[in-house]
Amino acid sequence: MSTLDIRDLQASHGQLRAVHGVSLSVKPGEMLFVLGANGAGKTTLLRSIAGDHRAEAGSVRLSGVDITGLAAHHRARSGLALVPEGRRLFPNMTVRENLALGRSTSREGPWTIEAIYEAFPNLAKLDHAPAGKLSGGEQQAVAIGRALMGDPVAIILDEVSLGLSPAAVDFAYDALKRVRDMGIALLVVEQDLNRALHTADDLMVMCEGHVTLHATPARTSLNALAAASFGHDE
Ligand code: ATP
């Protein structure tokens, strides 16, 4: 069974339809990447799944349970975590304090700050550092750790590598792969087609709110992904 199952999701901003009936599913321990040019509808799709933006139609199921009607915080309590674009850490608080903010009051999971440090030894060294002083990759890893503190079954991440140096992207991706190995379902929005092609289990390209390509990395290419981003076949 899929962890995350989206059917025919549709969402708009006023008169503008940003997401036209998108369907996708992500299994435990699988990473699905959503690609596409600026304005393709990726962020609106993620926010509609997380419940931050109201979908007009379609359904969101988490571990087989329909959560479409739930508010964002109830979806989070059901096990769906969102790491938004820009990560939204508190820059003056330490790594430990930022991680503690992710602790769920309603879900009893295995995650403590010590368990996060065990899973991500690179973060342990930064325990007392203010989040604002970290590199972008380290901040992304803290945001992923904070999401884990809520004991999610699925994590959705927006613009993982935006604004990061190549070394920082490596750091963030290392954290993502560890999360995948824990059996958590990952839905990731990425602008870097090459990175996605080399990491994903499954790939989806959006253009003007539509899915223009959906394939495994073995069955597609960089050229095909680029072409689909602009709405035409290779
Ligand atoms: P980007 O990579 O630039 O963030 P995206 O693929 O995430 O792009 P969205 O941000 O979901 O795309 O935008 C989809 C469409 O909805 C675009 O045409 C955008 O201009 C429009 N849009 C997004 N947010 C709003 C908003 N708050 N109000 C009005 N229109 C919006």
For K27, which lysines qualify as cross-link partners when the Cα separation must be under 28 Å and same-chain residues fewer than eight apart are set aside? K42, K177
Per the rule of 0.36 nm per residue minus the C-alpha distance, extending R17 to N92 adds in nm 23.2 nm
Two pseudo-spin positions, 7 Å from Cα along C-beta at L101 and at H128, lie apart in nanometres by 2.1 nm
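Can you give me the relative contact order of the chain as a percent, contacts being Cα pairs under 8 Å and 6 or more apart?
Numbers: 503 pairs, mean separation 62.8, N = 234.
Answer for the chain is 27 percent.
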Treating the Cα atoms of the chain as identical point scatterers in vacuum, please give the log10 of the normalised Debye intensity I(q)/I(0) at q = 0.08, 0.14 Å⁻¹, two decimals. -0.27, -0.86
Spelling out what I want: for every residue of segment 212-228, take phi, set θ = phi - 60°, compute 6.51 cos²θ - 1.76 cosθ + 1.60 (Karplus), and round to whole Hz; glycine and proline get x. 9, 7, 9, 7, 7, x, 5, 10, 9, 8, 4, 4, 5, 5, 5, 5, 5
Cross-link partners of K125 among aspartates and glutamates (Cα-Cα below 19 Å; sequence separation of 8 or more within a chain): E97, E114, E138, D170, D174
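How large is the helix-only mean residue ellipticity at 222 nm for the chain, computed as the sum of -39500 (n - 2.57) over DSSP H runs with n ≥ 4, divided by its residue count, in deg cm²/dmol to the nearest 500?
That comes out to -9000 deg cm²/dmol.
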Just to confirm, what accessible area per residue do you get for segment 4-230 at 1.4 Å probe, in whole Å²? 44 Å²
Counting other Cβ atoms within 10 Å of each Cβ, which trypsin sites (Lys or Arg not before Pro) in segment 24-132 have at most 10 and sit in a DSSP loop? R54
How about segment 97-158: which GluC sites (Glu not before Pro) there lie in a loop by DSSP and see at most 16 other Cβ atoms within 10 Å? E108
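Using a 1.4 Å probe on the protein heavy atoms, what percent of the accessible area of the chain belongs to carbon and sulfur?
Heavy-atom surface of the chain belonging to carbon and sulfur, 1.4 Å probe: 49 percent.
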Accessible area in the full protein assembly, largest first, 1.4 Å probe, for M204, M1: M1, M204
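Explain nothing, just the number: dipole magnitude of segment 4-230 about its Cα centre with +1 on each Lys and Arg Cβ and -1 on each Asp and Glu Cβ, in debye rounded to the nearest 20.
Dipole about the Cα centre, nearest 20: 280 debye.
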To the nearest 0.05, what FRET efficiency results for A37 and A167 with a Förster distance of 22 Å applied to their C-beta separation? 0.30
Under the Karplus relation with 6.51, -1.76 and 1.60 and θ = phi - 60°, whole-Hz ³J(HN,Hα) for segment 178-186, x at Gly and Pro, equal 5, 5, 4, 5, 7, x, 8, 7, 10
The long-range amide H neighbours of S221, using H built 1.01 Å from N in the peptide plane and a cut-off of under 5 Å, are none
Note down the nm distance, to one decimal, between modelled labels 7 Å out along Cα→Cβ at N194 and at R219. 2.6 nm
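The values are calculated or read from the model by the stated rules, or taken from the named source; none is laboratory data. All of these numbers come straight from a predicted model, not from anything done at the bench. Neighbour counts are summed over all protein chains in view; Cβ atoms, including those assigned to glycine, are modelled from backbone coordinates with ideal geometry. Ligands, DNA and RNA are stripped out before the accessible areas are found, and what is left, the full protein with its side chains, is counted by its heavy atoms. Shrake-Rupley method; radii C 1.70, N 1.55, O 1.52, S 1.80 Å.
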